[in-house]
Amino acid sequence: MTSARERSDKVYDQAVVWDAHAGVYPNPRTDLAGLENWRQAGVSFVSLNVAYDIPSWEQTFPVLAAYRRFIGSHPDRYLIADTAEDVRQAKAEGRLAVAFDLEGMCALNGDLGMVALFHELGVRQALFAYNLNNEAGGGCHDEDTGLTEFGRAVVREMNRVGMIVDCSHSAYRTTMEAMEISTSPVVFSHSNAKRVWDHDRNITDDQALACAATGGVIGVCGLGIFLGDNDSSTDRLVEHACHYLDLVGPEHVGIGLDHIHESIDLAGELSARPDYWPPGQQYDTPGITGAHPEQIHGICDHLLAWGLSDAEVAGILGGNFLRVAEQVWG
């Protein structure tokens, strides 16, 4: 008879394990040796952010150049994933597939043509606004103005080129309007349940249900202040995952840890732009904790013990996001 440990190991080892968003700070000097955190944990794919709304859009291209060069110089360990098949190949070869994402549309500089350019450079996912409003739509810590006409055009262009529409960090109306007009599945790459922990970065049940209705996936985020009480334990991650399981079903739940693999000092940036991380939202919590990719195996253990089937757990580990990538990336 197979033990619980043997069953979990088999499910995890056979699954395509997908982390929909890493919290790597987008800088050409960022040490990407920390990608080993994911590969050694048996993760098959991770999305690295190459921009967010505070740095100027021009800074995105040196970041992309540096990241692509690092990945290309370590072909035995990593590959840039342009297609879902690339992710399957990485899994088969024990490599880590990497693609890139934009945390906010400021990187587009108001130019719709930038969507296709970023797609050519490996950006496979983009969200509208990083906490505050911009030219495309509303941020979760700002006045909820909804999608702009430019934002609507961006959704259509993302659908056209094969880039995943991501609603994390964005305001309620912006997300609901994006999910209404997108012809492809929409995701929340790293957003926890507001019903479990009331934080402005977390999402309502209405948003999660609308995401599922598009065929999309909600990725549970590993930052303690979004999970609750600055607790990034596996139990807390599973608590949010189980809320989504009850709400939208196992085929619409995934993982987006927002893991930061190196110690970075953002005190200067936070003090210079406190509006992006407003008071009362726990961003000033000393020693904010974050989940590690090694905890994903523990999530697998918990979900199997909770009574899910092997196939359902494999979907949550990565199969669900892989399904979206197969539909959107083409």
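The values are calculated or read from the model by the stated rules, or taken from the named source; none is laboratory data. All of these numbers come straight from a predicted model, not from anything done at the bench. Don't worry about glycine lacking a Cβ; one is built from the backbone with ideal geometry, like all the others, and counts go over all protein chains shown.
From the list D53, D82, the lone residue that is closer than 23 Å to F128 by Cα, surrounded by fewer than 21 Cβ atoms within 10 Å (Cβ to Cβ) and either among the hydroxyl-bearing types (S, T, Y) or in contact (Cβ under 8 Å) with a residue 12 or more places away in the chain (or both) is D82. Taking residues in region 278-293 that are closer than 18 Å to V220 by Cα and in contact (Cβ under 8 Å) with a residue 12 or more places away in the chain, and partners anywhere that are crowded, with 18+ Cβ neighbours inside 10 Å and among the aromatic types (F, W, Y), the pairs with Cβ atoms closer than 9 Å and at least 6 places apart or on different chains are P293/W38.
Yes or no: region 3-14 includes at least one residue that is part of a loop (DSSP other than H, G, I, E, B), more than 20 Å from the chain's Cα centre (by Cα) and at pLDDT below 95. Yes: one or more hits. Number of residues in region 283-330 that are touching a His at 6+ places or on another chain (Cβ under 7 Å) and not small (G, A, S): the value is 3. When region 77-92 is filtered for residues that are over 16 Å from L48 (Cα atoms), of a type outside the set (D, E, K, R) and out of contact with any Leu (no Cβ under 9 Å at 6 or more places or on another chain), only A92 remains.
Between A311, A267, which is of a type in the set (G, A, S), out of contact with any Ser or Thr (no Cβ under 7 Å at 6 or more places or on another chain) and at pLDDT below 95? Spell out the reasoning first.
On the way: A311 fails: at pLDDT below 95.
None of the other options fit; the residue is A267.
When region 308-330 is limited to residues that are farther than 22 Å from L227 by Cβ and among the small types (G, A, S), the one that is surrounded by the most Cβ atoms within 10 Å (Cβ to Cβ) turns out to be A325. Considering every residue within region 115-135, establish whether at least one is on the phi > 0 side of the Ramachandran plot and free of Cβ contacts under 8 Å to residues at least 40 places away in the same chain. The answer is no, given that none of the residues of region 115-135 is on the phi > 0 side of the Ramachandran plot and free of Cβ contacts under 8 Å to residues at least 40 places away in the same chain.
Just need a number here: residues in region 141-158 that are free of Cβ contacts under 8 Å to residues at least 40 places away in the same chain and either out of contact with any Asp or Glu (no Cβ under 9 Å at 6 or more places or on another chain) or part of a loop (DSSP other than H, G, I, E, B) (or both). Total satisfying the criteria: 9.
Output the helices (runs of 4 or more DSSP H) that fall wholly within region 204-303 and possess 1 or more residues being under 18 Å from the mean Cα position of the chain (by Cα) and crowded, with 21+ Cβ neighbours inside 10 Å, or say none. Before the answer, list the steps.
Values: elements: 205-213, 224-227, 234-248, 267-272.
Output list reads 205-213, 224-227, 234-248.
Only residues that are at pLDDT 95 or above, small (G, A, S) and within 25 Å of A107 (Cα to Cα) were counted across region 15-32, and they come to 2. The set of residues in region 4-50 being buried (at least 22 other Cβ atoms within 10 Å of the Cβ) and of a type in the set (D, E, K, R) consists of D19 alone.
How many of the residues in region 192-223 are among the small types (G, A, S), on the phi < 0 side of the Ramachandran plot and out of contact with any Phe, Trp or Tyr (no Cβ under 8 Å at 6 or more places or on another chain)?
First pass over region 192-223, keeping only residues among the small types (G, A, S): 193, 208, 210, 212-213, 215-216, 219, 222.
Now drop any that are not on the phi < 0 side of the Ramachandran plot, which leaves 193, 208, 210, 212-213, 216, 219, 222.
Next cut, out of contact with any Phe, Trp or Tyr (no Cβ under 8 Å at 6 or more places or on another chain) only: 210, 212-213, 222.
Qualifying residue count, region 192-223: 4.
Among the numbered conditions (1) more than 16 Å from G318 (Cβ to Cβ); (2) without any contact (Cβ under 8 Å) to a residue 40 or more places away in the chain; (3) β-branched (V, I, T), the only one that I218 does not meet is (1). Looking across region 15-39, the residues that are touching a residue at least 24 places away in the same chain (Cβ under 8 Å) and in a helix (DSSP H, G or I) come down to L32, G34, L35, E36, N37, W38, R39.
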